[in-house]
Every structure is written in C-alpha cells, then in structure tokens.
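One structure is given here, and the rest of the page talks about it.
Throughout, read-outs are computed from the coordinates displayed, never taken from laboratory work. All figures in this text were calculated on a predicted structure; none of them were measured in a lab. Because the Cβ atoms are built from the backbone with ideal geometry, glycine has one as well, and the counts that use them run over all protein chains shown.
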Amino acid sequence: MTSVADVESEVRSWLTQHWDPTADLIEWRGLLADSGWGCPSWPQDWYGRGLPLTADATVKKVFSEIGAVGVAAGVSMYLVAPTLLEWGNDDQKQRFLRPILTGEDKWCQLFSEPGAGSDLAGLATRADRDGDEWLVTGQKVWNSGAHKADYGILLARTNPESPKHQGISFFAIPMDQAGIEVRPLRQMNWHSSFNEVFLDGARVRHENLIADAGQGWRVALTTLAHERSAVGTPRPRFPAHGGSMVQRAQKEADEYFSTYRWYPQRAGRPRMVRSEAERLGRGSERLIRQQAAQIEQLQRTSNWTNQRARAARIAGRPPGAEGSVAKLNMSVTARASHKAHTSIAGAYGMLNGDEGPGGGLIAEVLVSTPAQSIAGGTDEIQRNILGERVLGLPKEPSNE
C-alpha cells in the first residue's frame, strides 16, 4: 500500500511541475481530472488514482499548502458523483463525471415532493416511456440550486402498478428545457435558497436512466447516505493573494455557498450561547450554565461520531448509520441552542435588524432552527433508520 509520505511527495512534485495560478480554471481542472490528483481515491479508470480514502486528505493538505485550486465543490461532487460511480454505466460516467469535476456542469436534487413529505417513496411524479425518451410530469420541492443547475438527479414513478419502492426510477434530467419551470420559495427567515420545480412533459433520454427501471429507490439510498455524510462539509479555502484562477475559484465558491449562508443559524449558532450570555451579564446564572454545558456535551459527542464516520470511510466501509446519528444530533443541538438563546435574550430575541441581539442574528436563529429537523431527512426518519438498522427493531408497518 502506498504510504502517506509517498503520496504527499508525489502530489507535491506533480504540483510543482504543473500548478499555474494564471491558467484557465476549467483547463486546470481538466488537467486535474486526467491526472487523477483531483480525486485520488476514485478508480483509475474514472479520473482517480485508485488510492485509499486517506489519500484524499493528504492530497488536499498539499494543495492547501501550495495554494492550488482543486476540483469543483457542491452537490454535484458530494452527492451526484458518488452515486454515478456506484450505479452509472460506462457511458454515463464518461459523459457526466468529468464536467462535474471541472465545474462545467452544475446539478441539483429532485427528490422531495409536497404531497409525500418524509415518505419519499410515496412520490407521485410520473415518467412514461416514449420511444427513446421518458416524459416526466409532476412537482418537486426544496430543490437547492435548481435555478442554476444544468442537470437534476430525478426520482420518478415509472411503474404505478408495482409496490411503491419498486416502481421508482432514477434519472439524470437536463434542466434547461421547456417542460421544466423553477420557482424560488421565500422562507420565514427572509432567505430564498430553495425552489419548487414543476415538470410538465419534461423529456429525458432513456440513456440517462441510472441503473435499470424500477431500481431508483436503491440508487437513491446511495445518494441519501452520502447526503447525510456530507452534512456540514466546509467550504474550500483559498490564499488571500492568488492569481486569476484562484480569484475565479473564490467567486465560484462564494456564489455556491451563498445559498447556505443561513445554515449556521439553522444549526442554532451553539458557539454564540456563551458569548451572548456573557455579553448580557447572564453567564453566572445556573439555568444558563446548565444549558451551555449541555450544548458543549452535544457538540463534543457529535464530533466523536463524525470522527468514527471518517475512520469507517477510510477503512473502506460505505456510509452507514453514523450519518443518521450525526444528522439527528445536529437537530438536537439546534433545538438546545434555540432554547438557550431564548432563555438568554427573552422577548428581546424577537427583534430583527440592528436593534436585535447580535444585530438580528439571534432572531434569525430562532426562526431558522426548525428547518434543521426537516432538511436532509426528518428526525423521525433518522430515528426509524437507527431503530431498524442499528437496534434491530421491527420495521414500520407498510401497506406493501
């Protein structure tokens, strides 16, 4: 097995020869894809070097030290690429993976529906075969980045006569077409980072069907496992004074992560509990101290769980229950932080704008934290997963 020192030495040598901060961003990322250093743990046949997962962190560290730009970030890399690597055929990998790495193609996730709620398998969007194409009709919701996406990973019902989990298929659908309308949703925290997507006779080629018809639920489980594992993925860091390519990559990252600028508020801003208590002179109160201690406990145990998850991935195991544990713990932490901020600020915490605590940030926290228990799979769904897959409890009753 290649040692960490060997990987570090080899990638450092490669970057010394090839890194040019004035080069074109797309061309540079294409070179990264072809060299395999953009995703070293990916298979050699598909833009990687077939190295252990530990190599990803090692290579990322060297890139950061040198100030080099890596492959594109976002939903496309965190959710779509791993799903394609596991389920896509050679033609699909050939067509889709490289533009994901270079950032030329942006993707969104078209799973949730307003009528299905947490019962994702109860989706009603239909896809009907029409020769070499499928015609899609239905509605999706909570679709981040759909207004900018080139493609969407779509779940649609292709066989209404089959049991609901077995009648679903998974598609890669082009977003720029007459049959798709994207509308932004206005949230109660004043942000508008989600969309609803209406599909009315939208077309997707049969060759964009991922796996076989009816296997969509199995494919979606792979995507969802990576989604829960990718929760809290940090944004890439760039040197303060880089070349034109670095500046373009920074702008790209700023645009992508602007969608998620309210996510720290959704998570409850737990680190602000202590500072707000001290600022308002309430840090010595028994109740406030107990709440702050509980939040610290939750954060530390969550960090240990995340470390176990990373260790499992490095050992070559696929995403498991750790993702659900981490997701559920984030919800618990958000609610505990919400309660603590309410105790500290009182009615004052409802003030928005400059007059409110934290310049209105606490008010935003209080109206954002409920979303943490919904996004990425509700708390109830995570408890079902843990109960059935970890504790071995009986499955939820089903009509199938």
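For the chain, state the semi-axes of the equivalent ellipsoid (square roots of 5 times the eigenvalues of the alpha-carbon gyration tensor), sorted largest first and rounded to whole angstrom.
Values: eigenvalues 233, 179, 94 Å².
Each semi-axis is √(5λ); the values are 34, 30, 22 Å.
If each residue of separation counts as 0.36 nm, what is the full-extension length gain between residue 257 and residue 347 once their alpha-carbon separation is subtracted? Mind dumping the intermediate values first?
Details: separation 90, 0.36 × 90 = 32.40 nm, distance 3.15 nm.
Answer, rounded to one decimal: 29.3 nm.
Any idea how far the Cα center of the range 98-150 sits from the one of the range 260-305, in Å?
Comparing the Cα centres of the range 98-150 and the range 260-305, I get a distance of 37 Å.
For a protection proxy built on the mean count of beta-carbon atoms within 10 angstrom, sort 368-374, 203-209, 306-312 highest first, please. List each step's numbers first, then the result.
Working: 368-374: 20.9, 203-209: 17.1, 306-312: 15.3.
Highest to lowest by the protection proxy: 368-374, 203-209, 306-312.
Take each of the peptides 90-102, 287-299, average the number of other beta-carbon atoms within 10 Å over its residues, and list them starting from the highest.
On the way: 90-102: 18.0, 287-299: 16.2.
Highest to lowest by the protection proxy: 90-102, 287-299.
With point charges of +1 on the Cβ of Lys and Arg and -1 on the Cβ of Asp and Glu, referenced to the Cα centre of the range 107-220, which listed residue (137, 191, 159) lies farthest in the positive direction of the dipole?
191
For the pair residue 290/residue 308, report the inter-label distance in nm, with labels modelled 7 Å from Cα in the Cβ direction.
2.8 nm
Just to check, using Stokes-Einstein with a Kirkwood Rh over alpha carbon pairs, what's the diffusion coefficient of the range 261-349 at 37 °C and 0.692 mPa s in µm²/s? Walk me through the numbers on the way to the answer.
Values: Rh = 14.1 Å.
Stokes-Einstein gives a translational diffusion coefficient of 233 µm²/s.
Mind checking which of 190, 87, 28 has the largest fluctuation in a GNM of the chain, springs on alpha carbons under 10 Å?
Most flexible of the set in this elastic network: 190.
Per 5 Å bin from zero, what fraction in whole % of the C-alpha pairs of the range 298-396 is there, up to the bin with the longest pair?
For the range 298-396, the binned pair fractions read 2, 13, 17, 17, 16, 12, 9, 7, 5, 2, 0 percent.
From the Cα gyration tensor of the range 172-318, with a ≥ b ≥ c the square roots of its eigenvalues, which class applies: rounded if a/c is under 1.5, or else prolate if a/b is larger than b/c, or else oblate?
Values: a/c = 1.88, a/b = 1.65, b/c = 1.14.
Prolate.
Of the peptides 110-116, 274-280, how do they stack up when ordered by the mean number of other Cβ atoms within 10 Å, highest first? It would help to have the intermediate numbers written out before the result.
Values: 110-116: 19.0, 274-280: 16.3.
Descending mean neighbour count gives 110-116, 274-280.
Could you pull the Rg and Dmax for the range 190-270, using just the Cα atoms, both in Å?
Answer for the range 190-270, Rg first and Dmax second: 18.1, 51 Å.
Order by neighbour count: 151, 260, fewest other Cβ atoms within 10 Å first, most last.
On the way: 151 23, 260 15.
In increasing order of surrounding Cβ atoms, one gets 260, 151.
Kindly provide the Kirkwood hydrodynamic radius of the range 107-220 in Å, to one decimal, from all pairs of distinct alpha carbon atoms. If you can, show how the numbers build up before the last one.
Working: mean 1/r = 0.0716 Å⁻¹.
Roughly 14.0 Å, rounded to one decimal.
Given R₀ = 30 Å, what would the calculated FRET efficiency be for residue 218 paired with residue 147, taking r from the Cβ atoms and rounding to 0.05? Intermediate values should be presented prior to the final figure.
Values: r = 29 Å, r/R0 = 0.98.
Efficiency computed from Cβ-Cβ geometry: 0.55.
Taking the convex hull of the Cα atoms, report for the range 1-40 its projected area averaged over all directions, in nm².
3.0 nm²
Can you tell me the Rg and the Dmax, both Å, for the Cα atoms in the range 359-400?
When restricted to the Cα atoms of the range 359-400, Rg and Dmax are 15.8, 52 Å.
Two-decimal Rg/Rh of the range 18-136 from alpha-carbon positions, Kirkwood Rh?
Details: Rg = 17.5 Å, Rh = 16.3 Å.
A ratio of 1.07.
How would you rank 252, 322, 161, 181, going from fewest to most other Cβ atoms within 10 Å of each one's own Cβ? Spell out each step's value before the answer.
Working: 252 18, 322 22, 161 6, 181 13.
If I rank by nearby Cβ atoms, fewest first, I get 161, 181, 252, 322.
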